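Structure first, then comments.
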Amino acid sequence: MLVYSSWKDYLPKSFLWLSQIKIEQAKGLSDTSWNLIAVRTENEQLVLSSGGLDAALKTRLLNEIDTQSWTAGEKSLRLNVDGKKFLLVAQSSVKTGAVQLGRQLGLDAAGALSKAKLKDLHISDCDQLLALDIFEGFVLGFEDGTAFKSKNTTEFPQRVSVQTQDKDALNKRSQLAQSLLLVKWLQDAPANFITPEQFAHISQDLFKSTAAELLILGRKEMQALGMGSFLSVAQGADSDPKLIAIKIKGQDTSKTVALVGKGVTFDAGGINIKASAGLEEMKYDMSGAAAVLGAAHYFTAVKPPVNVVCALGAVENLLGPDATKPGDVVKAYNGKTIEILNTDAEGRLVLADVLSYVVEKFDPDLVIDIATLTGAVIFGLGHAGAGMMTKDQKTADFLKHVATRVGEPMWHLPFWPELESEVSSQLADYKNIAKASVKAGPIMGGLFLREFVKDHRCEWAHLDVAGTAWSCAATGYHTNGGSGFGLRALIGAAELYHS
Ligand code: BES
Ligand code: ZN
Ligand code: ZN
């Protein structure tokens, strides 16, 4: 058993540090703090970039680099020139967008700062890498993975300044970075800590003194509402499943965006039990819910332009005498019956009920669900981007635009009409997996979910983040562990949704 008096005992120190430190807005170069300079190689020449660097200063810095025979291959270099302090950090050469490169530069700057035990940093735009993106990466660089260790010796900077005209944007980015730390922590936390009940506790604690309205349903309440699909997943475990919904009023209360997350706190597969290798990674099967909770955390601090409803289905998919058996038929909240042909395709069973409940109760204009739904999406898209599915081209274009802007790539997968009938069962209305020859795992997951929103007027999109939620180091700029993927896109979508 993991012993603690409050879940807050295990919050990462970085989370508390960021809530206490004042992030300053500053212009030009700093006279007192270390000035971050990005260094890249172009035509075998080093190019320095940072706001406030004039040609003369650049030449002096380049001369110093020469004298010290520093190559940008070594990650960082500290220089004192003109009475100012400069921290030179090599830019990543991974082929990706400027947003991700900016974030990576910030992460590397945090590493350099920690290594040299420096206490301050001044960040400005470095050519096309924006100060706010660098800042976000910098903060994430202090997330050191020690939350569940008994000792933490990480030292945090005492002074951080960012060159930006827009104070509001800086505050928002700092808030986003904190929500990201929360999401990544929730993801990495073990499954004997982040249980469905714990998800509910954390939500209660986070939102009790805010204006958000919180609604939590347990097994009993869900039984009374007829959520047989969601509950079929919970049958194999003793823990109480939780449907958690957080409603946050926006500036314009005539529109509502709903964000819905899969929160399987551990996915053993159920009676269709998973193989042993890598099974511990299935604690990450709540990553969609973590991102949604993170969005709620953000929007209780930064009022959204429209109403936002954050809903998550938290449950353990285990095995026991009462567990659902392959072939069982259940009745979902919307009255439709489902033949469960594979208990490991449980995410769609949870989301089916959460989605139909959310559209009925909150009447949203746009619904985005986010889930680690299929292993197959990893084969299709790898770890560099998520699968996005929607029947509306307009919604797909909107989300692609948001995704590029926030640096969370996604790719629109088609709902091939030929596959639509594959969600129908002979025995019940639906079945939760298609026949083996169909393949197209991510699309079949999306087509199944669509059945539970299609009778509502809302726009809807499904994000399959099984490949991007954790261990994305293969892409060259992410670190291992929970990535927080989806949080930025969900927030971006709610902030940019006007129509
Ligand atoms: N949680 C898994 C999907 C998953 C697998 C996420 C690997 C991340 C990494 C999901 O519940 C699942 O088991 N899906 C099955 C679906 C199949 C039975 C149709 C899968 O992907 O094999
Ligand atoms: Zn599963
Ligand atoms: Zn799962």
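Observations
- Scanning segment 482-499 for residues that are assigned to a loop (DSSP other than H, G, I, E, B) and either more than 12 Å from the chain's Cα centre (by Cα) or without any contact (Cβ under 8 Å) to a residue 60 or more places away in the chain (or both) yields a count of 3.
- Taking segment 70-86 as the range and being outside any strand (DSSP E or B) and open to solvent by less than 50 Å² (accessible area, probe 1.4 Å) as the test, the residues that pass are Trp70, Ala72.
- Only one of the listed residues (Lys167, Lys149) is more than 24 Å from Leu487 (Cβ to Cβ) and under 25 Å from the mean Cα position of the chain (by Cα). That residue is Lys149.
- Number of positions in segment 273-300 that are more than 11 Å from ligand 1 (Cβ to nearest atom), touching a strand residue (DSSP E or B) at 6+ places or on another chain (Cβ under 8 Å) and open to solvent by less than 20 Å² (accessible area, probe 1.4 Å): 8
Yes or no, residue by residue, for (1) away from ligand 3 (no atom under 16 Å from the Cβ); (2) closer than 24 Å to Asp240 by Cβ; (3) of a type in the set (Phe, Trp, Tyr):
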residue: His297; (1), (2), (3): yes, yes, no
residue: Gly313; (1), (2), (3): no, yes, no
residue: Leu319; (1), (2), (3): no, yes, no
residue: Pro326; (1), (2), (3): no, no, no
residue: Asn342; (1), (2), (3): no, no, no
residue: Ala352; (1), (2), (3): no, yes, no
residue: Thr374; (1), (2), (3): no, no, no
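- Some residue of segment 218-230 being farther than 24 Å from Glu495 by Cα and of a type in the set (Ser, Thr, Tyr): yes
- Checked against the criterion of being open to solvent by 10 Å² or more (accessible area, probe 1.4 Å), modelled with pLDDT of 95 or more and under 15 Å from Leu186 (Cα atoms), segment 253-272 has at least one qualifying residue.
- Pick from segment 274-306, criterion charged (D, E, K, R) and in contact (Cβ under 8 Å) with a residue 12 or more places away in the chain, ranking: farthest from Leu170 (Cα to Cα): Lys274
- Screening Ala434 with (1) out of contact with any strand residue (DSSP E or B) (no Cβ under 7 Å at 6 or more places or on another chain); (2) surrounded by fewer than 20 Cβ atoms within 10 Å (Cβ to Cβ) gives one miss only, at (2).
- Assessment of segment 132-154 against the conditions (in a loop (DSSP other than H, G, I, E, B) and over 26 Å from Trp185 (Cα atoms)) yields no matching residue.
- Inter-residue pairs, beta-carbon under 9 Å, first assigned to a loop (DSSP other than H, G, I, E, B) and in segment 255-273, second β-branched (Val, Ile, Thr) and within 11 Å of ligand 3 (Cβ to nearest atom), 6+ apart: Gly269/Thr343; Gly270/Val233; Gly270/Thr343; Ile271/Thr343; Asn272/Thr343; Ile273/Thr343
- Segment 1-10 - residue that is open to solvent by less than 70 Å² (accessible area, probe 1.4 Å) and out of contact with any Phe, Trp or Tyr (no Cβ under 7 Å at 6 or more places or on another chain) and, of those, nearest to Lys167 (Cα to Cα): Trp7
- Those residues of segment 180-221 which are part of a strand (DSSP E or B), crowded, with 17+ Cβ neighbours inside 10 Å and among the charged types (D, E, K, R), in sequence order: none
- Counting only helices (runs of 4 or more DSSP H) that sit wholly inside segment 301-414, those with at least 1 residues that are within 16 Å of ligand 1 (Cβ to nearest atom), modelled with pLDDT of 95 or more and open to solvent by 10 Å² or more (accessible area, probe 1.4 Å) are 347-362, 376-381.
- For segment 52-59, the criterion of being over 19 Å from Ile134 (Cα atoms), among the β-branched types (Val, Ile, Thr) and outside the structural domain of Cys126 (by TED's automatic domain parsing) is met by none of the residues.
- Ser437 vs. criteria more than 12 Å from ligand 1 (Cβ to nearest atom) and without any contact (Cβ under 8 Å) to a residue 24 or more places away in the chain: yes
- Total residues in segment 451-477, condition of a type in the set (D, E, K, R) and surrounded by fewer than 19 Cβ atoms within 10 Å (Cβ to Cβ): 3
- Taken over segment 14-52, the criterion of being surrounded by 18 or more Cβ atoms within 10 Å (Cβ to Cβ) and out of contact with any strand residue (DSSP E or B) (no Cβ under 9 Å at 6 or more places or on another chain) is satisfied by Ser14, Phe15, Trp17, Leu18.
The values are calculated or read from the model by the stated rules, or taken from the named source; none is laboratory data. None of these values were measured; they are calculated from a predicted model. Cβ coordinates were reconstructed from backbone atoms using ideal geometry, including for glycine residues, and neighbour counts include every protein chain displayed. For accessibility, only protein heavy atoms count, side chains too; no ligands or nucleic acids. Shrake-Rupley method; radii C 1.70, N 1.55, O 1.52, S 1.80 Å.
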